[in-house]
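One structure is given below, encoded as structure tokens.
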Amino acid sequence: MNTLARKLIFICVSFTFITFSAITVASPVIKIVMEGPFEENYDKVNQSLDANRFFVIFEPNIGNSLTYFKERWGDEYNQNGYEEIQSLVFCNPWYVNQIINKDPEMAALCPLSVTLLHKNNKTELLFIRPSQIKPDSPAQPLLIKLEGDIVNALEQARMED
């Protein structure tokens, strides 16, 4: 085999390795940042989820719950200085049914949630990517679509003004 062929094979193998390495180490958490007051951002996310058929079933105020431990935890309490910490817990019955049909173990995903962290007029939306939980799931194509639809709903909330 000549030198040119070896170089070409090396480049192709390196490119493939780098490409697939980036895919396998993708963060399991999607983070979207919104500017503005927390309540407005929270309402936009809630409304966008609903408009995209992700029905909010519970709205835990995590920050409020944590304040009960402020004295006990002392310096360990809220070291990042978040002004608000809340979640929206939601579900889409069609996706649940379809995913359970393909992979009953993935029923553990229901309900899903997005956590909102707020400080300095910025709200971070944090969402665990369903496609990263069990990449070899028979429901993987549905998980990828579900993830895309949720990210789309969150992006719609971010773009709304």
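Observations on the model:
- Remark: for residue pairs Lys102/Lys145; Lys31/Lys119; Lys70/Lys122, the C-alpha separation exceeds 18 Å in Lys70/Lys122.
- Taking amide H atoms as placed 1.01 Å from N in the peptide plane, the amide H of Glu84 lies under 5 Å from those of His118, each 5 or more residues away in sequence or on another chain.
- Taking a ≥ b ≥ c as the square roots of the eigenvalues of the Cα gyration tensor, an a/c ratio of 1.5 or more together with a/b larger than b/c marks the range 27-159 as prolate.
- In Hz, Karplus ³J(HN,Hα) per residue of the range 124-137 (6.51, -1.76, 1.60; θ = phi - 60°; x = Gly, Pro): 9, 9, 10, 9, 7, 6, x, 5, 8, 6, 9, x, 8, 5
- Residues in the range 142-154 carry Karplus couplings, in order, of 5, 5, 5, 5, 4, 4, x, 5, 5, 4, 4, 4, 5 Hz; the curve used is 6.51 cos²θ - 1.76 cosθ + 1.60 with θ = phi - 60°, and Gly or Pro positions show x.
- Nearest-0.05 FRET efficiency for Val89 and Ile144, computed from C-beta distance (R0 35 Å): 0.95
- Relative contact order [Cα under 8 Å, 6+ residues apart], the range 27-159, whole percent: 37
- Theoretical FRET efficiency, 1/(1+(r/R0)^6), r = Cβ-Cβ of Ala26 and Glu76, R0 35 Å, to 0.05: 0.65
- Distance between the range 89-129 and the range 43-62 - C-alpha centres, whole angstrom: 11
- Separation of the Val33 and Glu105 label points, Cα + 7 Å toward Cβ, nm: 3.7
- Qualifying chymotrypsin sites (Phe, Trp or Tyr not before Pro) in the range 64-137, DSSP loop, other Cβ atoms within 10 Å at most 15: Tyr68, Phe69, Tyr77
- 3J(HN,Hα) along the range 44-52: 4, 5, 4, 5, 5, 4, 4, 4, 9 Hz, from the Karplus curve 6.51 cos²θ - 1.76 cosθ + 1.60 with θ = phi - 60°, whole Hz, x for Gly and Pro.
- The order of Lys44, Lys122, going from fewest to most other C-beta atoms within 10 Å of their C-beta, is Lys122, Lys44.
- Exposure proxy ranking for Arg72, Arg53, based on other Cβ atoms within 10 angstrom of each Cβ and starting from the fewest, stands as Arg72, Arg53.
- DSSP-assigned coil residues among GluC sites (Glu not before Pro) in the range 88-158, each with at most 13 further Cβ atoms within 10 Å: none
- Remark: the Asp43-Ile133 segment gains 29.6 nm on full extension, using 0.36 nm per residue and subtracting the alpha carbon distance.
Bear in mind these aren't lab numbers, they're just calculated from the coordinates by the rules spelled out. No experiment lies behind these values; they were computed from the predicted model shown. Every residue, glycine among them, receives a Cβ derived from its backbone with ideal geometry; neighbour counts consider all protein chains shown.
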